[in-house]
Amino acid sequence: MQVIQGKSASKGLAIGKIYCYKKKQEMVERRYIKDNEIDSEIERLNEAVKQAKEHLAQLYQKAVKEVGEKDAQVFEIHKMMMDDEDFLDSIIAIIKKERVAAEYAVSVAGEQMAKSFAEMNDEYMQGRAADVRDISDRLIDCLTGYSDDTDNQVGQFILIAEDLNPSETIKLDKTKLLAFVTAKGSVSSHTAILARNLGIPAIVQAGDDLDKINDGQMAIVDGYKGNIYVDPDDVTLTTMQKKKNDEDTVKELLIQLKGKDNVSLDGHRVDIFANIGSPGELDLVINSDAGGVGLFRSEFLYFETNTYPDEEMQFKAYKTVLEGLKGKKVVIRTMDIGADKQVDYFNLDKEENPALGLRGVRLSFERPEVFTTQLRALYRASAFGNLAIMFPMVASVWEVHEAKKFIKDVQSELKKEGHKFDEEVEVGIMIETPAAAIICDILAQEVDFFSIGTNDLTQYTLAVDRQNQKIERYVDTHHRAVLRLIREVVEKGHKYGAWVGICGELAGDLSLTQEFLRMGVDELSVSPAKVLELRREVRMTRVTK
Ligand code: PEP
Ligand code: MG
């Protein structure tokens, strides 16, 4: 048995077999070849094209069965693109002229072609840039022998990876995941948040020892202690199995709290809502008996696609959640892309300090057509439930004015087109910059509600990068500076007419529940897996001193 120590990012126990996730090479190395290797390199390229076309034919058949002929067409189109003579000729020309390996030539030719599509004036042609990148990636995968087997894995598994970014995580089949373990990563990264939302154990910073683990080995993940037991001995296996049974029993006991009020011993009420990232998590919310959705991280919809999700696709996603929640409040946050949440097809420039750069509502202002598409989808969906919209990363009053101007334009467009929508949709902002917290009295007069994003509020207040594992000792989530800001936001929010919720990870920190209730927080939004635990805590709390 081997015991590896990491850091707990999501509590819980998992027992099962390991699957090692192989990260795709982000950058294709420029590898030089000799003159006499040119022919064999072109031969490798032809073989890869053949292999890629076979994959695409299989994917087409699979997609026809799963999603129907129309949506499967994309794979047929990609297969045809693999035969495009201009594309293949330009790859071969680069191999010959620059004396470089085929994968590097594919990446250069693919990027040139994608860029020329992206710069065209026609929206349809711009969309083809993503297709070109997709087929280039597929060819490179064939040339480098990379394969992502998660789809082919039978049964559930514990996923081991060097690190995972949000867009890689979102593409995994969650029904197969028993737990995540990563060599790097941080507790407040979005991948760790996703594990908590799904209610599965997760461990980060397990280090290089993970390299020695192989696919198919048995392991136990102890998400309470941050330990991984690989090939556990009989005694450990029996002990942990018993703990897991106890854990399941506690979960069953919590189920008895379904339908009960979130009310403290001395009668203080609070709403407990759930955080989600996609309509796929709707069942988790319903099963958790949450009072609504306090944070729908809409950017996760953008991670699932290879190009900008269109209005119809977004409309359907929002409508599904609103209808599923049957009139309960659903707070959807407009896309918070940027910083650690990168999306390839946005083609964002590299920034020195992305967390302080073009992210959240700033990026929405920079891409007005993308923002308008999202707002149109949101307002159209508002006719099907109880929607509230909020904007991320606001720091100044003018940003609220500008966002509201977009809303006004979208509303009058929709009216002209005869679409039905709810004119009373609540509009709020996230409080996640110290600036927003400090001017909350002014901001409260502009919006219906605040939702405090404690993950970023902590990052920006304490000047600690939430992604940087080296400075985790400086990340004091109970720092008085953050708690004072929260208290101030609740007090001023109420004074100036805005209700106040907390949707960052701190909302689920049971050691602060009493303090939050004392402050008078109206709503706490946590991962679905945490809702009943928080309800139990509220019901055991005495608020008045
Ligand atoms: C937050 O910052 O607390 C928050 C809820 O937003 P995210 O974690 O998605 O940045
Ligand atoms: Mg945030």
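Taking a cut-off of 17 Å, what percent of all Cα-Cα pairs in the range 268-388 are separated by more than that?
Above the 17 Å cut-off, the range 268-388 has 56 percent of its Cα pairs.
Net charge within 14 Å of residue 336 by Cβ-Cβ distance, Lys/Arg positive one each and Asp/Glu negative one each, not counting residue 336 itself?
Charge balance in the 14 Å sphere: +1.
Work out Dmax and Rg for the range 431-545 from the C-alpha atoms and quote the Rg first, both in angstrom.
Computed over the Cα atoms of the range 431-545, radius of gyration and Dmax are 14.1, 41 Å.
May I ask you to give the solvent-accessible area per residue for the chain, in square angstrom, as obtained with a 1.4 angstrom probe?
Value returned for the chain: 47 Å² of accessible area per residue.
Please give the charge dipole size of the chain, origin at the Cα centre, charges +1 on K and R Cβ atoms and -1 on D and E Cβ atoms. Round to the nearest 20 debye.
Values: 72 positive and 93 negative charges, 433 e Å.
Result for the chain is approximately 2080 debye, rounded to the nearest 20.
Please name which of 78, 214, 457 has its Cα lying farthest along the dipole of the chain towards the positive end, using unit charges on Cβ (Lys, Arg +1; Asp, Glu -1) and the Cα centre as origin.
Of the listed residues, the answer is 457.
List the GluC sites (Glu not before Pro) within the range 293-357 that fall in a DSSP loop (any state other than H, G, I, E or B) and whose Cβ has at most 10 other Cβ atoms within 10 Å.
352
Assuming 1.306 mPa s and 10 °C, estimate D for the range 266-539 with Stokes-Einstein, Rh taken as the Kirkwood radius over Cα pairs, in µm²/s.
Stokes-Einstein gives a translational diffusion coefficient of 84 µm²/s.
For the range 266-539, calculate the relative contact order in percent as a whole number, restricting contacts to Cα pairs under 8 Å that are 6 or more residues apart. Please report the intermediate quantities before stating the final value.
On the way: 493 pairs, mean separation 57.6, N = 274.
Computed value for the range 266-539: 21 percent relative contact order.
So for the chain, taking the charge dipole from beta-carbon charges (+1 Lys/Arg, -1 Asp/Glu), which of 468, 544, 166 sits furthest toward the positive end?
Comparing the listed Cα positions along the dipole, 544 ranks first.
Work out Dmax and Rg for the range 35-144 from the C-alpha atoms and quote the Rg first, both in angstrom.
Gyration radius and largest Cα-Cα distance of the range 35-144: 14.7, 48 Å.
Given the convex hull of the Cα atoms of the chain, what is a quarter of its surface area in nm²?
Computing the convex hull of the Cα atoms and averaging its projections yields 27.2 nm².
Can you find, among 504, 321, 375, the residue farthest towards the positive end of the dipole of the chain? Put +1 on the C-beta of Lys and Arg, -1 on that of Asp and Glu.
504
Using only Cα atoms, tell me the angle between helix 234-255 and the longest principal axis of the chain; keep it within 0 to 90° and round to the nearest 10.
So the inclination is approximately 50 degrees.
Tally the DSSP beta bridges in the range 266-539 and give the antiparallel ones as a percent, rounded to 5.
Percentage antiparallel, nearest 5: 5.
So the label point goes 7 Å from the Cα of residue 74 along Cα→C-beta, right? Which residues of the range 335-355 then have their backbone N under 18 Å from it?
Correct set: 343-347.
With a cut-off of 8 Å between alpha carbons and a minimum separation of six or more residues, what is the relative contact order of the range 190-307 in percent?
It rounds to 16 percent for the range 190-307.
Once the other residues with Cβ under 14 Å from the Cβ of residue 409 are scored (Lys, Arg +1; Asp, Glu -1), what is the net sum?
Residues near residue 409 contribute +2 overall.
With angles folded into 0 to 90 degrees, how steeply does helix 69-81 sit against the dominant principal axis of the chain? Use alpha carbons for both and round to 10.
On a 0 to 90 degree scale, this one is about 40.
What does the highest-first list of 188-201, 336-349, 33-46 look like by mean Cβ count within 10 Å?
Taking the mean over residues of other Cβ atoms within 10 Å, the ranking is 188-201, 336-349, 33-46.
Report, to the nearest whole %, how much of the accessible area of the range 425-518 belongs to carbon and sulfur atoms, 1.4 Å probe, protein only.
48 percent
Using the crude model of +1 on Lys and Arg Cβ and -1 on Asp and Glu Cβ, and no other charge, please compute the dipole size for the range 266-539 relative to its Cα centre, in debye to 20. Let's see the in-between values first.
Details: 34 positive and 45 negative charges, 95 e Å.
Using Cβ point charges on Lys, Arg, Asp and Glu, the range 266-539 gives about 460 debye.
The values are calculated or read from the model by the stated rules, or taken from the named source; none is laboratory data. Fair warning: this is a prediction, and the values are worked out from it, not measured in the lab. Reconstructed Cβ throughout: ideal geometry from the backbone, glycine too, with neighbour counts over all protein chains shown. All accessible areas refer to the heavy atoms of the entire protein, side chains included, with ligands and DNA or RNA removed. Shrake-Rupley method; radii C 1.70, N 1.55, O 1.52, S 1.80 Å.
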